[in-house]
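Values in this text are rule-based calculations from the coordinates and carry no lab data. None of these values were measured; they are calculated from a predicted model. Virtual Cβ from ideal backbone geometry, glycine too; neighbours counted across all protein chains shown.
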Ligand SMILES: Cc1ncc(C[n+]2csc(CCOP(=O)(O)OP(=O)(O)O)c2C)c(N)n1
């Protein structure tokens, strides 16, 4: 069949099982857009900014487990993707970015809207391709999808020159045959002997702790994790991207570790005699000071990426490979043990600190973000998808919105990208249209990509938006309070009336100022047909606790000053 | 310490950029880097000398393997190798040191490959120390210009560096 390069792009997307793409047209990708109508099985979502398209594809990928796709034109269209590409890269999310490039004859001559996208994105993609020949489009896209989803997943960019999009191939056929990549071998396996060494450490350990990360979700190893945990009575601490690997209410799920992790989790890490790191990468936000990190523990690290082993934390045993496969091999060898001293000890630590929890604060007329988020959790089902923006609300969401099922929690962990919340929620909704989807955003981050409200309205899909409005760039304000003498430089933020903003988009807006209004507002949002923005006017100067200051020892946590604080101001 | 890495890469546009970009963003310093074709179509060979302890170089190797176009990496630091640098040195012959220059060329087993009535170009190959030594003796005699290639290295003995599974034999990857 006769096909243009632009048609081949869509042909390939269809073959890869793509159902939805997020994008924005322009001069250089016009041929691709022109060819789109021939491929009605793929739904195109027109975003309001290419960053939005990137985050939508990212959110879609994280929730669906498939490869997300975003399209942009050359030059500014492509550069607008950069934040989204870097976000997906840091969190190992499989997304294929298709950008258009100026015609091949013009590349290198500073043509109108020419930007060196393959150059720019080398450090923030798993791989990228510059395609200047129509015959290279299919091989590049096939490899791009394969690379994006295999091994440690990640974003791949395919930059296609306009003349290659326009060129025709007379007798084009899709090539289903296996292809060759000499330098790419994503499927490594550990030596059987090191598996046995790891099992030995596990079976002899009195105080083991599993550190469960995003890799478990990526590798679909949730069941293996559950069985190992229960068989050995090994408690599980999770990373922020690991929420959902084990039900939050599972007796062995301790909760989140790290800078804003639970105190008992961080303490358990410091007291453990064995850390089993599964698909996590010892980010500085979870380890604190490396010199004092879990010094008494032997460490076993399982990851599909060999460069993660011994990168931040030196380990005793590193197993490289697919977690599901490796945990499957460990499983039968892990002895059944009750380890009751250890689990009792952790339960005791937990009991001690939970009395400080803001949850135990009676309704004193103030609206705390933690209450809002905890209520949101209480009034939504376990099938609800939660995406977050970045800042204090993100940490409160991680602490107070308990996730029981995999792929229901979407947050920018590695890059901490403000503006991620709303677009990732839109992407998530396309991944799971029947699920209730909420995004929890700060007043600052919401405004970074609030233009996507308009996308939401145009698509007519329902995503509820909980704006945790504290009138500050709250997380930065908190650091200023703790470490910069309360010098609130450039953190107070005046926002538009979010209720009116919703209204201007034809969406419902609700304002909440009292704790007593929270439930009704959530219920109303759920009952409304279209998307709803709830503006929660919360306490302005509340802080996230506990907090391990950057670079401090993990056990060295800043705690909420008093049990029943009014506001941290008077502490 | 200084490590010598041999990196086999797919001979594609932009691969050098990917490698160089990786060294920079992972904060490794390249002392020298050379690239050239191999006897195998489509495979180029880089020799990189880079400063770092064994742990650092281990990390670097893992990072390099993440690049999709990299086929194989070998650290030759602890192996029996021959390592060669090549230099072209243009030396002025207008002074009265002309015979001294010719004598040094003889001593260092270098070669004169271009002669004018005011200058000669000397070619020398050898390990880094030998070339450094030669440059030192030529300096007072009047170096006009110099160029060095950086090291290339190869393990001694009959074996090939290529792992069969890495390059000669094409890997077949199936879609999942
Ligand atoms: C794009 C981007 N710019 C800046 C930052 C730095 N930053 C981290 S948290 C934060 C404050 C976020 O404020 P807001 O969205 O209101 O949420 P809050 O912390 O108040 O919940 C800022 C500015 C960032 N993470 N991302």
Note down the nm distance, to one decimal, between modelled labels 7 Å out along Cα→Cβ at residue B:106 and at residue B:135.
2.6
Rounded tilt (10° steps) of B:15-25 against the dominant C-alpha axis of chain B:
90
Please compute the contact order of chain A in relative form: average sequence separation of alpha-carbon pairs under 8 Å and at least six residues apart, divided by the residue count, as a percent.
14
Counting partner chain Cβ atoms within 10 Å of every residue's Cβ in A:301-308, what's the average?
3
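Between residue B:77 and residue A:340, how high is the FRET efficiency from 1/(1 + (r/R0)^6) when r is the Cβ-Cβ distance and R₀ = 51 Å? Nearest 0.05. Don't skip to the answer; put the middle values down first.
Working: r = 51 Å, r/R0 = 0.99.
The computed FRET efficiency comes out at 0.50.
Taking the mean number of other Cβ atoms within 10 Å as a proxy for protection, how do you rank A:439-447, A:531-539, A:330-338 from highest to lowest?
Details: A:439-447: 27.8, A:531-539: 24.8, A:330-338: 13.7.
My ranking of the peptides, most packed first, is A:439-447, A:531-539, A:330-338.
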Can you bin the protein assembly as shown into rounded, prolate or oblate? Criterion: square roots of the alpha carbon gyration tensor eigenvalues sorted a ≥ b ≥ c, rounded for a/c under 1.5, prolate for a/b above b/c, oblate for the rest.
prolate
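Kindly identify the stretch A:192-351 as rounded, prolate or oblate by the Cα gyration tensor criterion: order the square roots of the eigenvalues as a ≥ b ≥ c, call it rounded if a/c is under 1.5, otherwise compare a/b with b/c, prolate if a/b is larger, else oblate.
rounded
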Helix-only mean residue ellipticity at 222 nm for chain A, each DSSP H run of n ≥ 4 adding -39500 (n - 2.57), per residue, nearest 500
-10000 deg cm²/dmol
What's the ranking of A:402-414, B:124-136 by average number of surrounding C-beta atoms within 10 Å, highest first?
A:402-414, B:124-136
Nearest-ten-degree value, helix B:54-66 long axis tilted from longest Cα axis of chain B:
60
Tell me whether the stretch A:3-169 comes out rounded, prolate or oblate; compute the Cα gyration tensor, take square roots of the eigenvalues as a ≥ b ≥ c, and use a/c under 1.5 as the rounded threshold.
rounded
Taking beta carbons within 10 Å but only from partner chains, what does the mean come to for residues B:65-73?
6
How far is helix B:98-107 tilted off the main Cα axis of chain B, in degrees rounded to 10, range 0 to 90?
40
How long is the gain from residue A:558 to residue A:41 if the chain were fully straight, where each residue apart is worth 0.36 nm and the alpha carbon distance is subtracted?
180.8 nm
Number of partner chain Cβ atoms within 10 Å, mean per residue of A:122-129
4
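Please work out the FRET efficiency for the pair residue B:40 and residue B:98, using the Cβ-Cβ distance as r and a Förster radius of 45 Å; give the result to the nearest 0.05.
Once the sixth-power term is evaluated, E becomes 0.45.
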Along Cα→Cβ, 7 Å out, is where each label goes; now give me the distance between the ones at residue B:154 and residue A:30 in nm to one decimal.
5.5
Looking at chain A, what % of its DSSP beta bridges pair antiparallel, to the nearest 5?
5
Rounded to the nearest 0.05, what FRET efficiency do residue A:511 and residue A:331 give with R0 = 60 Å and r taken as the Cβ-Cβ distance? Could you check?
0.70
